[in-house]
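Asks: Okay, handing you the structure first.
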Amino acid sequence: MQRYIFLAASDSQPVGYGVMAAWAPNDLPNVEPGVKPRSELDFKLEGGARLDQNFSLHKRQSQSQKQSQDKPLYESVDEDIAAPHDWQQVPEVEQVLPGTDWQDFTPSPLPAFAPEILSFLAHLSQRLIQAGTQQPDLAALGFLLRPAQLAAQQQRLGNNHALGLVFHLVPSNVPVVAFYSWAIALLLGNANVVRLSSKRSETQQQILAIVQQLLTQRRWQDIARRNRFIRYRHSDDSANDSTTSHDEVTAWFSARCRLRVIWGGDNTVGAVRAVPLAPRAAELVFADRQSIAVLDSRWLRLCCSAQLAAIAAGLQQDCCRFNQQACSSPTGFIWLGQPEPELRKQLLQMIFAPFAHDAAAVMQRLVGLQQYLCLSAAPIHVEQLAGVNIVQPGNGPLLQHAGGGVIAEWVLDDAQCLLDMPWDIQTCVLAGDASLRQLLLAQCGRLQLDRVVRPGQALALDWYWDGMDLPARFSRSARQG
């Protein structure tokens, strides 16, 4: 028996090799450098292996293995949703990433936690953390996607399966949310279409550049074929236009997805919800929410100057990073016990120092204050400090406002008074001791509260959001009866 080392080549570049066995020299296939590969190079390599058209070596498989491989990865994807030809009729949209059309797009999912997905997200994490030295938002997403974090989710939900195609509609105020939503859905194996905001922020462009660089690599083409980032005009932009309208484009993707995810304000959620979904599709919505900071005056009096500076720095990150526009940014400050006047003033001015000398922030703060006063049904006391306007609404609720350095403030006797107020809060940033933390966590249902975090952690990304387990909601579990 003779053996020959075979070097496969395409366009004069070696791209693979194999070992042929028991073939006489005259039987060797005629493949020369510079010759385009045929559609199926069924070479009889050692052990029954073969080279495919990409010169990848495939090991011999039993009939049962082959039948298993031939089955759809996710059988419950409807034919009408997954039909490949349908994706050649996508309405006109701006292709953002990958910068190609829909020719090779497939909505069929990969297995949840597939090795290529874990590898891709680990590389993405590394690149984001490297870039995060200059851009904290990138570091936050990279930190969430570290291999150890992915492994923990795989251990927790490793038996779950992808849903199919997920259609994401994301906000403009926090650009990283688009990639946060997408990455979690991808981890669970889903194909994704992400409609990006038309506002091209630096953060959005940086992450897109990194993702683009990764998706062009050959080893992640299965992921590239299943993911599209697109833009199309807002409904107001196309109201008097004869081209495909915003709602028609939204309807096209909504009819073909298994899960529609809406990140946005109440108005956006209401408008998109009017667009029908496929009968078996589900929907996740993240509507307007508000957040608070709870500061225990008695506990703060015991803190040294270094601890107070750290608390102020953390709250500054929570409040000022997105100009108080993120739903997890505190817009209400609650003191438990009367604070010392000088300590209160010092803390508030340290927290809102970035707004103090910013001309745009001054104007926005003025507008936000007027909006707050218009919305309030009762007279409100107003106090102005450097960088922040403080309104004291008495027993009134926390109102929506424009952010940018306008906060509502309450002084309550103790934690029981806090529990008695009608809150509906996403995030509570707590500057207090462990016992207060445990009390708030135990009363989350009563407070309609989703999370309690330390100063500086309000904007940190988590696998849970708005009280929902996102990896679980982006997947489904199969049970054996």
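Asks: Say whether the condition of being assigned to a loop (DSSP other than H, G, I, E, B) and within 23 Å of residue 456 (Cα to Cα) is met by at least one residue in the stretch 384-391. Talk me through it step by step, then tell me what you get.
Replies: Going through the stretch 384-391, the residues assigned to a loop (DSSP other than H, G, I, E, B) turn out to be 386-387.
Subsequent filtering for residues that are within 23 Å of residue 456 (Cα to Cα) retains 386-387.
Within the stretch 384-391, one or more residues are assigned to a loop (DSSP other than H, G, I, E, B) and within 23 Å of residue 456 (Cα to Cα).
Asks: May I pose another question? Please tell me if residue 299 is modelled with pLDDT of 95 or more, open to solvent by 70 Å² or more (accessible area, probe 1.4 Å) and under 25 Å from residue 460 (Cα atoms).
Replies: Details: modelled with pLDDT of 95 or more: yes; open to solvent by 70 Å² or more (accessible area, probe 1.4 Å): yes; under 25 Å from residue 460 (Cα atoms): yes.
Taking the combined requirement at face value, the residue satisfies it.
Asks: Can you name the residue in the stretch 413-429 that is more than 30 Å from the chain's Cα centre (by Cα) and either of a type in the set (A, V, I, L, M) or at positive phi (or both) and is also surrounded by the most Cβ atoms within 10 Å (Cβ to Cβ) among such residues?
Replies: Checking each candidate, the answer is 418.
Asks: Looking for whichever is surrounded by fewer than 20 Cβ atoms within 10 Å (Cβ to Cβ) and at pLDDT 95 or above here; the options are 165, 208. Which one fits? First the steps, then the outcome.
Replies: Working: 165 fails: surrounded by fewer than 20 Cβ atoms within 10 Å (Cβ to Cβ).
Residue meeting the stated conditions: 208.
Asks: Scan the stretch 332-343 and report the pairs whose first residue is free of Cβ contacts under 8 Å to residues at least 40 places away in the same chain and charged (D, E, K, R) and whose second residue is assigned to a strand (DSSP E or B) and open to solvent by less than 10 Å² (accessible area, probe 1.4 Å), with Cβ atoms within less than 7 Å and a gap of 6+ or a chain change.
Replies: Correct list of pairs: empty, since none qualify.
Asks: Take the residues in the stretch 229-283 that are at pLDDT 85 or above and among the basic types (Lys, Arg), then tell me which one is farthest from residue 476 (Cα to Cα).
Replies: Top of the filtered list is 231.
Asks: While we're on this one: Of all residues in the stretch 276-296, which are open to solvent by 30 Å² or more (accessible area, probe 1.4 Å) and either assigned to a helix (DSSP H, G or I) or more than 26 Å from residue 171 (Cβ to Cβ) (or both)?
Replies: Answer for the stretch 276-296, where residues must be open to solvent by 30 Å² or more (accessible area, probe 1.4 Å) and either assigned to a helix (DSSP H, G or I) or more than 26 Å from residue 171 (Cβ to Cβ) (or both): 279, 280.
Asks: Looking only at the stretch 145-162, which residues are closer than 20 Å to residue 109 by Cβ and either touching a strand residue (DSSP E or B) at 6+ places or on another chain (Cβ under 9 Å) or modelled with pLDDT of 95 or more (or both)?
Replies: Once the filter is applied, which keeps residues that are closer than 20 Å to residue 109 by Cβ and either touching a strand residue (DSSP E or B) at 6+ places or on another chain (Cβ under 9 Å) or modelled with pLDDT of 95 or more (or both), the stretch 145-162 yields 145, 150, 153, 154, 156, 157, 159, 160, 161, 162.
Let's see how each residue does on (1) over 23 Å from the mean Cα position of the chain (by Cα); (2) in contact (Cβ under 8 Å) with a residue 40 or more places away in the chain; (3) open to solvent by less than 20 Å² (accessible area, probe 1.4 Å):
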residue	(1), (2), (3)
317	no, yes, no
322	no, yes, no
347	yes, yes, yes
350	yes, yes, no
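Asks: Read through the list (1) within 22 Å of residue 288 (Cα to Cα); (2) open to solvent by 10 Å² or more (accessible area, probe 1.4 Å), then give the number of the only condition that residue 152 fails.
Replies: Here residue 152 meets the rest and fails (1).
Asks: Something else now. Among (1) hydrophobic (A, V, I, L, M, F, W, C); (2) modelled with pLDDT of 90 or more; (3) surrounded by fewer than 21 Cβ atoms within 10 Å (Cβ to Cβ), there is one condition residue 388 misses while meeting the rest; what is its number?
Replies: Result: residue 388 fails condition (3) only.
Asks: Now for a separate question. For the stretch 178-193, indicate whether the set of residues that are more than 16 Å from the chain's Cα centre (by Cα) and open to solvent by less than 10 Å² (accessible area, probe 1.4 Å) is non-empty.
Replies: Within the stretch 178-193, none of the residues are more than 16 Å from the chain's Cα centre (by Cα) and open to solvent by less than 10 Å² (accessible area, probe 1.4 Å).
Asks: Oh, and also: Looking only at residues that are modelled with pLDDT of 95 or more and charged (D, E, K, R) in the stretch 96-136, which one is least open to solvent (accessible area, probe 1.4 Å)?
Replies: This residue is 116.
Asks: Taking only the stretch 444-476 into account, find how many residues are more than 21 Å from residue 314 (Cβ to Cβ), under 14 Å from the mean Cα position of the chain (by Cα), not in a helix (DSSP H, G or I) and not hydrophobic (A, V, I, L, M, F, W, C).
Replies: Of the residues in that region, 2 qualify.
Asks: Here's another thing I want to ask about it. Would you please name the residue that is surrounded by the most Cβ atoms within 10 Å (Cβ to Cβ), looking only at residues in the stretch 326-341 that are on the phi < 0 side of the Ramachandran plot and not in a strand (DSSP E or B)?
Replies: For the stretch 326-341, the residue satisfying everything is 328.
The values are calculated or read from the model by the stated rules, or taken from the named source; none is laboratory data. Quantities reported herein were computed from a predicted structural model and do not represent experimental measurements. So basically every Cβ, Gly included, is an ideal-geometry build from the backbone, and we count neighbours across all protein chains shown. Surface accessibility is based on the protein's heavy atoms, side chains included, excluding ligands, DNA and RNA. Shrake-Rupley method; radii C 1.70, N 1.55, O 1.52, S 1.80 Å.
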